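Here's the structure, in structure tokens; my notes come after.
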Amino acid sequence: MVGYMTMTGHERRHAQCDHTGGSLGDRDRHALITRLGRIEGQVRGIARMIEEDRYCVDILNQISAVRESLRSAASVLLDSHIRSCVADAVASGDSRRAEVIYGELAEIFNRYSR
């Protein structure tokens with residue numbers, strides 16, 4: 001049996017997700033892409049603020065806003081992943097898929113709990 005940590009990202013993705021077309025619905029995908037476009041604009045704005053030598057606290061506030069926006073986008077993706085890929089892997093009864101998905105979730109939760 002191949003362990004979670006020895007698999008590549010491509011192998012892990014195919015081991016647990018059998019869906020086609022992604023776990024996000026069209027509406028959620030569009031909303032997330034729109035949100036990421038706004039975040040991209042915020043980041044460009046921060047770069048301009050730095051170029052213009054703006055007040056550090058104002059820049060830090062904008063950085064904080066971008067971090068929160070990214071955290072929110074990650075939450076949407078995580079929710080979608082749990083409702084589709086994780087639920088499918090657990091319901092499949094395939095212990096390898098379940099092991100992989102549990103390892104992946106543990107890694108995600110550890111990364112986001114920092």
For 36, 24, give the ranking by accessible area with the largest first, probe 1.4 Å. 36, 24
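What is the calculated FRET efficiency for residue 34 to residue 106, with r their C-beta to C-beta distance and R₀ = 25 Å, to the nearest 0.05?
About 0.20, to the nearest 0.05.
The values are calculated or read from the model by the stated rules, or taken from the named source; none is laboratory data. Quick caveat, the model's predicted, so the values are computed rather than measured. A quick note on method: Cβ atoms are made from the backbone with ideal geometry, for glycine too, and the neighbour counts reach across all protein chains shown. Heavy atoms of the whole protein, side chains included, go into the accessibility calculation; ligands, DNA and RNA do not. Shrake-Rupley method; radii C 1.70, N 1.55, O 1.52, S 1.80 Å.
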